[in-house]
Amino acid sequence: MQDANSSTTPSFQERLTLHREHADTVSYLLAEWAHAIDQNRVEEIATLMLPTGRYTVTSRFNHDRGLPMAIIDAHSAAQLRDRIKSMRLANIYQPQNYRHVLSAIQVMGQDASGLLEVRSSFAVVRTLELMGDSLLFASGECHDLIDVGGDAPRFAQRRMIFDSRAVETLMVIPI
């Protein structure tokens, strides 16, 4: 999770101290994101981002090779809002619901600007409303940068890295 702005990798004890200090705040923010999507309040996820926050959904194949191709790549909260608006107004897709399962949430460090470096695992089950079929839609790892310095925690970056090389069908709803 270290980037060019980080100076050294924190020790296990330093990571543990950071995790203990921020675990509840980070867990709550991640759960709020998941519940907003799962409860069809998708518009609210943009409010969980900093205005300049970036949201990316990419395959592990592309991520591991440094390839820029992503299924979703919003460079700001406004771009994410526009994508969600088009999802509601322009896209035609079968009604579906997501259910997120989050685990292994860890605060891994802090970058030079004070943002928390967080990683977690996710699984998203998709249920098609008309057919009732449920299937594992995506699983993978999140790499997040979280700003805890303001009135409320916000994502400065949310990178969703799904394990497969592709998703089974069109990804309309953010994960």
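The values are calculated or read from the model by the stated rules, or taken from the named source; none is laboratory data. Quantities reported herein were computed from a predicted structural model and do not represent experimental measurements. Neighbour counts run over all protein chains shown; Cβ positions are idealised from the backbone, glycine included.
Within segment 115-153, count every residue that is modelled with pLDDT of 95 or more and either in contact with a helix residue (DSSP H, G or I) (Cβ under 9 Å, 6 or more places away or on another chain) or within 19 Å of residue 19 (Cβ to Cβ) (or both). Final tally of qualifying residues: 20.
Do we have any residue at all in segment 52-75 that's surrounded by 12 or more Cβ atoms within 10 Å (Cβ to Cβ) and of a type in the set (Asp, Glu)? Yes; the residues of segment 52-75 include at least one that is surrounded by 12 or more Cβ atoms within 10 Å (Cβ to Cβ) and of a type in the set (Asp, Glu). Mind listing whichever residues of segment 20-71 are more than 21 Å from residue 100 (Cβ to Cβ) and part of a helix (DSSP H, G or I)? 20, 21, 61, 62, 64, listed by residue number.
Pairs meeting the criteria (first residue in segment 36-49 and under 11 Å from residue 173 (Cβ atoms) and at pLDDT 95 or above, second residue of a type in the set (Ser, Thr, Tyr) and surrounded by 20 or more Cβ atoms within 10 Å (Cβ to Cβ), beta carbons under 9 Å, at least 6 apart or on different chains) are 45/55.
On the stretch given as segment 126-175, residues that are more than 16 Å from the chain's Cα centre (by Cα), assigned to a strand (DSSP E or B) and either buried (at least 17 other Cβ atoms within 10 Å of the Cβ) or among the charged types (D, E, K, R) (or both) total 1. Within segment 90-125, if we keep just the residues that are small (Gly, Ala, Ser) and in a strand (DSSP E or B), the residue that is farthest from residue 142 (Cα to Cα) turns out to be 109.
If the condition is being more than 30 Å from residue 86 (Cα to Cα) and of a type in the set (Ser, Thr, Tyr), then segment 18-42 contributes only 25.
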